Structures are given as C-alpha cells and as structure tokens.
Amino acid sequence: MELAKQTTEINTTDTFIQELTTLNLGPTHPATHGIFQNILQMDGEKIVSGVPTIGYIHRAFEKIAERRNFYQITPLTDRMNYCSSPINNMGWWMTVEKLLGVTVPKRAEYIRVIVMELARIADHLICNSILGVDTGAFSGFLYVFQEREKIYDIYEEICGARLTTNMGRVGGMERDLSPVAIQKIKDFLRDFPAVMREFEVMFNRNRIFVDRVEGVGPISAERALNYGFTGPNLRAAGVDYDVRVMNPYSSYQDFDFEIPVGTKGDTYDRFMVRNEEIWQSLRIIQQAIDNLPEGPFHADAPEFYLPPKQEVYRNMEALIYHFKIVMGEIDAPVGEVYHSVEGGNGELGFYLVSDGGRTPYRLHFRRPCFIYYQAYPEMVVGSQLSDAIVTLSSMNVIAGELDA
Amino acid sequence: MADITNEQLIQRLQEKFGDQVFDIQEPYGLVTVTTTRENIIPILQALYDDEVLQMQFLTTLCGIHYPDNKGQELGVVYHLHSLVNNIRLRIKIFFPEDDAVVPTATNLYLTANWMERETWDFYGIRFEGHPNLIRILNVEEMEAFPMRKEFPLEDQTREDKINTFFGR
C-alpha cells in the first residue's frame, strides 16, 4: 500500500504544519462487520480522505459460474448477500426461467414472495440492530435476533437450511409449504410486530440515538443516483425507486404496499426507511399467506425440474429426465437475459449470456453493495471516526456481496 | 410516469444516432444495440442529456470475451436505465484484444469508477481517462486477467474428469 506507507506532512503555510495521521480501519476491525479496509487520513479526529480496499473475500463466482450447470449456481448466489440468501436464489431462478421461457405457477410465485420478504426482514433487522450496537445499544440487537432465529426456522422448514439456503428450483420450489411452515409463518406474523414495536420504541425517538445518527453520512439524491445507489440507501435520499414496483416480478403487482422514502439520505433516514420496509414486508407476507392460491408449486417443465426421487426409481421417463438434468444434457437456448430483483440492499441484477451450452457463457452479477460502497469516502470525509463506523453499518455493506 | 415502449426507444435511437448504432435486437424484451468505441461516450452523453429518454442511471457495466470473433474479441456491455420512463437499454461495444482501450464513462457516471476498475481487473480492458485504474478485487501483483476465456478454471492436467462428459 503506497498510501499506508507514507507519512503525510503538508506544509500549508510557513506558520504551521498540518500533520495527518494515517489510520488503517480494517481489514479485520470489530466495528466494520466484514473484511474490508479503509485507509483513512485523519486530521486529529477529522477524516480528511479515505481509500477503501476491497476484495479480501473475493471467490471468483463469475468465473466459477462459467463452468457450472444452472442449478449448481444457486449455492454461489447464497454466498453473496448471506443475510438474505433466498432473495439471491429466487433472483437467479427467475433469470434462468426468463431464459428458458418457463412460466411459474401462481402458488410458487406467492411462496417465493413470502420467503423473499422474510429474507428482507432478516436482512434489515441485522442492519438496524447492528447499527444500534455501534451506537452503544446492545439490547435491541438481542431482542430482534430472537425473532430473526424464527425466520431461520421457517427457512429450515421450507428448504432444510438456515443461512445459505439454496432454495427453489427452476420453475418453482423444490417442495410445497408444509402445514408446519405455514403455522410458523403465521406465528411469526403474530409475534413479531410486538417485538418490532419494542425495537422502534427503543430507538426511533431515543435522544441519544437520534443525536448520534442524525445528519451523519448524508448523500443527496443526485449524487446517490449518479453513484448508482439502489434500495433503502437510495430511498433514504428521497428517490422512490423500487424494482418490485418499477418492474414487478413474481406477482408483486398483486400486493398492496408502500415504498417509504427519506429526505436527507443520512444515517437516521436509512434506519427509518429500513424499519418501515420491515412493516411493509410484513404486510406483503400477510397478504400472500391469506391469498395463497391452490395449485402446483412448480411448473410443468420436466426438462428442467428434477422429478420426485420415488418416480426416478419406478418410472422410465423420470429416470431419463433425472439423468439428463443432473448430467447437464439439456441445452439452454442461445440468448442474453438481464433480470433484477429488489435485494436486501438494492437492485440485484443478473446478466446471463448463454451460447446454448449447459453452462452460462458469461454471468455477471450486479451487486448493489459493490456499487454503492464506492461513495463511502465521500460520505465520511469531514466527519469523525465514530461517525464513519455508524455510516458504514447503516449502509449495510455485506462483504460477501461486495467481493462476489 | 411516461412509459416508453421499445418501438419508441428504437425509433428515437435511430433518429438520433443513425448508423452509429447497429445490430438492433430485443432479446427477452430488452433493447440491445451495438456501437463502436469511438461513439460510445458521445452516445451515452446524448442519452443522458436527451429530454425525452433521460437515460441517466447506469445499472451495470461489464466485460465479455469472445476469443473466436477475430478482431472483435473483447467487449464491454453497458446497461442503462431511465428511471423516469422505466425503460432499459443495453449497449455493447467490441474491439480487438491487442488494442483493448476504451474511453472512460466516469466523467458521466461516478458509479462507472469501480465498475471499470473491475472490468480492467478481470478482462484487461484499459479505460482511457479513468482517474484510478488499478485492480480492485484481485491482488495488485497479479499479471493475468482471469475472466478471459484462455484461463481455464480447473487444472488442465486432471485425468479423472473428461470434458466431453462433464462441464464445458
């Protein structure tokens, strides 16, 4: 690091010498929630400039994906934004379905909406409660983490995994919502609002918290758009761009919900927007579970959807399809697709180029974290170190998504 | 919100740029055009300033490598989005591998900064005029551009895995 080595001394005038301190914030700093480094130039307590270094957990997903079958790429997407893996999974399946021209039945779409909104709640809960921890309020974190565990229990009931879910299949879900899962979702919808209200009471108008976060790390709507912000961070700046409404996917047009927006784009607005989005997600889940349509939970696409295991043992066609899918004998159409979903942090896009082979020719992930994290130096210059920490956690930069 | 259809967008592009954009397609409902690297920045600027289209949001930018297209091996793909009109546009440029230089879009979009660094990092496409074109995700000492097709993912000396049966 050239920057880290040099001890900067700038002679501004002959009368005084301004001496800058170089501070390495990270790569493994307990307050940065992930492995990324910021080399800060400090003038006393004030940050003069910051240079982010990223890539510490780069795992070459785009390259690996070029040799993986479509159904083997979901585990890669899990590990991007690991706070809301189901959204990544569903976004990937929808991209593949778009390429293959598979129509997903309504019931599967509703189930997907439920898991995606649960994931959004889990994602926002982590961000906001950790922000509380960074400002010195630890209890709120523990209160909501208990509820987050219940979300993970629901994932477990739906797909068997908790963190890296690998949920869904081409054309729908791998299995239907079990009665236990439905009961758990209903229990969550019943119990969670009380906890969330408690959390909000603890923070929203708390003098210490508000003084700590208001006006910290602001960004204007113009700058945010130019920096490619999406998701809660953009909405906190006052732009109501939400992929769920602009380009509805997976039956989002059926649901009634609002997009909260902020005004100043500071840490407090980001916190409030995320809190409100949790309430809106709850509304969506409630509507989806109330109006859950009957019918199949996956598309009738035998060429892409693995047959039930029992059928494979008994039925010739099922055995053939099973073999063809697993061995990657089914070619995809030639074409290129861009599909985006509203991830926990913003527009999560998949640009998939297929040359007709069994694997993608090129797969590019539009990772919202990677794109908006470059605005971080601009947002913290002029503020104090402790404000930089708070800004970082309110932006919800997930290292896995940042580095792919 | 004044939504614009794909036909209107294509018509507008042809009116504005004429022969500068070619190979106009609509794969899966997303208008895709190709242009040359000399024209890319003027076109992006014109789309940004256009009072009807207002294509002011750069969704993503990435490289792509077709080693078999001689003379046009490398490419850059821009995904633009007009948040006012809710329409997307994909612009591609292609150029030879041994002359992989593209003018930068950072003067127009701040967000292009890291996207172009990533493209340089993985494809070795040099963006002329970029303020800080260094590797971003890989280590600085790295010499290769790993996303190019000539770099195989797996050890090519393996004998237990036959490409004809498994993978590409």
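Under 7 Å by Cβ, and 6 or more places apart or on different chains, what pairs join a residue from the range A:326-346 that is under 29 Å from residue A:119 (Cβ atoms) and of a type in the set (Val, Ile, Thr) with one that is in a strand (DSSP E or B) and open to solvent by less than 20 Å² (accessible area, probe 1.4 Å)?
So the pair list comes out as A:337/A:352; A:341/A:348.
Please find, within the range A:38-79, the residue that is least open to solvent (accessible area, probe 1.4 Å) out of those that are touching a residue at least 24 places away in the same chain (Cβ under 8 Å) and among the basic types (Lys, Arg).
Among those that are touching a residue at least 24 places away in the same chain (Cβ under 8 Å) and among the basic types (Lys, Arg), it is A:67.
What's the number of the condition residue A:336 fails, among (1) within 12 Å of another protein chain (Cβ to nearest Cβ); (2) touching a Leu at 6+ places or on another chain (Cβ under 9 Å); (3) open to solvent by less than 10 Å² (accessible area, probe 1.4 Å)?
Of the numbered conditions (1) within 12 Å of another protein chain (Cβ to nearest Cβ); (2) touching a Leu at 6+ places or on another chain (Cβ under 9 Å); (3) open to solvent by less than 10 Å² (accessible area, probe 1.4 Å), the odd one out for residue A:336 is (3).
Collect the residues in the range A:204-253 that are under 22 Å from the mean Cα position of the chain (by Cα) and small (Gly, Ala, Ser), keeping them in residue-number order.
A:217, A:221, A:224, A:228, A:231, A:236, A:237, A:238, A:250, A:251
Having 1 or more residues that are more than 14 Å from chain B (Cβ to nearest Cβ) and open to solvent by 30 Å² or more (accessible area, probe 1.4 Å) is the bar; report the helices (runs of 4 or more DSSP H) wholly within the range A:238-318 that clear it. Step through it out loud before you land on a result.
Details: elements: A:243-246, A:267-290, A:309-314.
It comes to A:267-290, A:309-314.
Within the range B:130-147, track down each residue that is more than 17 Å from residue A:60 (Cβ to Cβ) and either within 8 Å of another protein chain (Cβ to nearest Cβ) or open to solvent by 60 Å² or more (accessible area, probe 1.4 Å) (or both). Show your work before the answer.
Residues of the range B:130-147 that are more than 17 Å from residue A:60 (Cβ to Cβ), as a first pass: B:130-134.
Scanning the range B:130-147 gives B:131, B:132, B:134.
Of all the residues that make up the range A:60-102, how many are of a type in the set (Ser, Thr, Tyr), farther than 14 Å from residue A:339 by Cβ and touching a helix residue (DSSP H, G or I) at 6+ places or on another chain (Cβ under 6 Å)? Walk me through it before giving the result.
Pass one, the range A:60-102, residues of a type in the set (Ser, Thr, Tyr): A:71, A:74, A:77, A:82, A:84-85, A:95.
Right, trim to farther than 14 Å from residue A:339 by Cβ and you get A:71, A:74, A:82, A:84-85.
Pick out the ones that are also touching a helix residue (DSSP H, G or I) at 6+ places or on another chain (Cβ under 6 Å) and you get A:74, A:82, A:84-85.
Qualifying residue count for the region: 4.
So which of A:326, A:341, A:381 is within 12 Å of chain B (Cβ to nearest Cβ) and among the β-branched types (Val, Ile, Thr)? Can you show your working first?
Working: A:341 fails: within 12 Å of chain B (Cβ to nearest Cβ); A:381 fails: within 12 Å of chain B (Cβ to nearest Cβ).
That would be A:326, the only listed residue that is within 12 Å of chain B (Cβ to nearest Cβ) and among the β-branched types (Val, Ile, Thr).
Does residue A:88 qualify as being within 20 Å of residue A:400 (Cβ to Cβ), at pLDDT 90 or above, more than 14 Å from chain B (Cβ to nearest Cβ) and surrounded by 23 or more Cβ atoms within 10 Å (Cβ to Cβ)?
Numbers: within 20 Å of residue A:400 (Cβ to Cβ): yes; at pLDDT 90 or above: yes; more than 14 Å from chain B (Cβ to nearest Cβ): yes; surrounded by 23 or more Cβ atoms within 10 Å (Cβ to Cβ): yes.
Taking the combined requirement at face value, the residue satisfies it.
State whether the residues of the range B:89-102 include one that is more than 11 Å from every other protein chain (Cβ to nearest Cβ) and aromatic (Phe, Trp, Tyr). Walk me through how you get there before you give the answer.
Step one: of the range B:89-102, the residues more than 11 Å from every other protein chain (Cβ to nearest Cβ) are B:91, B:93-102.
When the remaining residues are screened for being aromatic (Phe, Trp, Tyr), the result is B:94-95.
Yes: the range B:89-102 contains one or more residues that are more than 11 Å from every other protein chain (Cβ to nearest Cβ) and aromatic (Phe, Trp, Tyr).
Being of a type outside the set (A, V, I, L, M) and away from chain B (no Cβ under 13 Å) is true for just one of A:331, A:387. Which residue is that?
Values: A:331 fails: away from chain B (no Cβ under 13 Å).
Exactly one residue qualifies, and that residue is A:387.
What strands (runs of 3 or more DSSP E), lying completely within the range B:31-142, carry at least 2 residues that are over 14 Å from residue B:21 (Cβ atoms)? Spell out the reasoning first.
Numbers: elements: B:31-35, B:57-65, B:74-82, B:87-95, B:101-103, B:126-128.
In the range B:31-142, the matching strands (runs of 3 or more DSSP E) lie at B:57-65, B:74-82, B:87-95, B:101-103, B:126-128.
Can you pull out the residues in the range A:344-378 that are touching a Lys or Arg at 6+ places or on another chain (Cβ under 8 Å) and within 8 Å of chain B (Cβ to nearest Cβ)?
A:347, A:349, A:351, A:353, A:357, A:358, A:359, A:375
Could you check the range A:210-234 and list, in sequence order, the residues that are touching a residue at least 60 places away in the same chain (Cβ under 8 Å), under 30 Å from residue B:80 (Cβ atoms), more than 9 Å from every other protein chain (Cβ to nearest Cβ) and not in a loop (DSSP other than H, G, I, E, B)? Give the steps one after another, and end with the answer.
Just the residues of the range A:210-234 that are touching a residue at least 60 places away in the same chain (Cβ under 8 Å), to begin with: A:212-213, A:216-219, A:223-224, A:227-234.
Then keep just the ones that are under 30 Å from residue B:80 (Cβ atoms); that gives A:217-219, A:223-224, A:227-234.
Cutting the leftovers down to more than 9 Å from every other protein chain (Cβ to nearest Cβ) gives us A:217-219, A:224, A:231-234.
Hits for the range A:210-234 are A:224, A:231, A:232, A:233, A:234.
Among the residues of the range B:40-71, how many are open to solvent by 40 Å² or more (accessible area, probe 1.4 Å) and more than 27 Å from residue B:151 (Cβ to Cβ)?
Result for the range B:40-71: 9.
The values are calculated or read from the model by the stated rules, or taken from the named source; none is laboratory data. A quick note: this is a predicted structure, and the numbers were derived from the prediction, not measured. We place every Cβ from the backbone using ideal geometry, glycine too, and count neighbours over all the protein chains shown. Only protein heavy atoms, including side chains, enter the accessible area calculation; ligands, DNA and RNA are left aside. Shrake-Rupley method; radii C 1.70, N 1.55, O 1.52, S 1.80 Å.
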